[in-house]
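Quick notes on the structure that follows.
The values are calculated or read from the model by the stated rules, or taken from the named source; none is laboratory data. Everything quoted here is computed from the prediction, not taken from an experiment. A quick note on method: Cβ atoms are made from the backbone with ideal geometry, for glycine too, and the neighbour counts reach across all protein chains shown. The accessibility values were calculated without ligands, DNA or RNA, using every heavy atom of the protein model including side chains. Shrake-Rupley method; radii C 1.70, N 1.55, O 1.52, S 1.80 Å.
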Amino acid sequence: SQQGEEDPQALSIQEGENATMNCSYKTSINNLQWYRQNSGRGLVHLILIRSNEREKHSGRLRVTLDTSKKSSSLLITASRAADTASYFCATVEETSGSRLTFGEGTQLTVNP
Amino acid sequence: NAGVTQTPKFQVLKTGQSMTLQCAQDMNHEYMSWYRQDPGMGLRLIHYSVGAGITDQGEVPNGYNVSRSTTEDFPLRLLSAAPSQTSVYFCASTRRGQGWTGELFFGEGSRLTVL
């Protein structure tokens with residue numbers, strides 16, 4: 001079964017708007033990561049947040065982590081058409097040692 | 001830097017045929033893994049390796065074999081292909097050791113169709 005579940009499954013916004021994607025997970029984690037996948041390409045790592053962190057920023061990306069609710073959110077500010085992609089959260093579970101488990105992804109479409 | 005290189009990019013097989021998906025990385029990463037990606041199911045871990053000579057099963061290992069004879073290469077073998085193995089396969093690697101975070105570097109994928 002999937003560790004992470006993203007919400008919404010699909011999101012369509014206009015250029016310049018902010019996009020928020022959510023991820024919920026089931027077990028205790030060491031860290032949570034967000035990846036991006038352009039159509040037909042491999043995944044690219046965006047940002048990592050550790051279990052003892054609550055918020056992290058990288059450029060136009062802002063990630064929050066609430067370990068009490070076992071959830072995370074990815075905010076993309078001032079979106080661009082080039083941000084159109086699928087976004088996946090992935091977790092490293094405390095007990096897994098060497099596994100990174102992915103959610104099903106959110107398909108983001110940014111309309112010019 | 002080539003990063004993670006997967007071959008072939010596309011392959012069509014008939015049921016029962018065997019084949020090997022190749023994965024090579026030039027970053028001296030100890031950890032390598034194979035995922036399959038199916039519509040609506042995200043990425044699922046097939047097998048992984050934490051170093052040469054060491055492999056372990058992931059979430060969906062049945063029907064696949066792996067070996068790790070060198071740090072650079074991690075081939076995935078399908079012994080008798082089945083239509084259920086139609087998918088996009090991704091190889092990913094990362095550096096291990098102290099402070100391992102699991103941040104993965106992905107190849108571009110191998111799209112496999114089994115008829």
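Numbers below:
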{"item": "Boolean, A:L43 is within 13 Å of chain B (Cβ to nearest Cβ) and either closer than 22 Å to B:G40 by Cβ or in contact with a Pro (Cβ under 8 Å, 6 or more places away or on another chain) (or both)", "result": "yes"}
{"item": "Number of the condition not met by A:G105 [criteria: (1) within 14 Å of another protein chain (Cβ to nearest Cβ); (2) open to solvent by 20 Å² or more (accessible area, probe 1.4 Å); (3) under 30 Å from B:S87 (Cα atoms)]", "result": "(2)"}
{"item": "Condition met for A:L75 (under 27 Å from B:E108 (Cβ atoms), open to solvent by less than 60 Å² (accessible area, probe 1.4 Å) and in contact with a strand residue (DSSP E or B) (Cβ under 7 Å, 6 or more places away or on another chain))", "result": "no"}
{"item": "B:P61 open to solvent by 30 Å² or more (accessible area, probe 1.4 Å) and not basic (K, R)", "result": "no"}
{"item": "Which listed residue is among the small types (G, A, S) and more than 15 Å from A:L74 (Cα to Cα), from A:S39, A:S58", "result": "A:S39"}
{"item": "Number of the condition not met by A:S79 [criteria: (1) of a type in the set (S, T, Y); (2) in a strand (DSSP E or B); (3) touching a Gly at 6+ places or on another chain (Cβ under 9 Å); (4) more than 14 Å from chain B (Cβ to nearest Cβ)]", "result": "(2)"}
{"item": "Within region B:68-97, tally of residues that are surrounded by 20 or more Cβ atoms within 10 Å (Cβ to Cβ) and small (G, A, S)", "result": "4"}
{"item": "Odd one out for B:T101 among (1) more than 14 Å from chain A (Cβ to nearest Cβ); (2) closer than 19 Å to A:T101 by Cα; (3) not acidic (D, E)", "result": "(1)"}
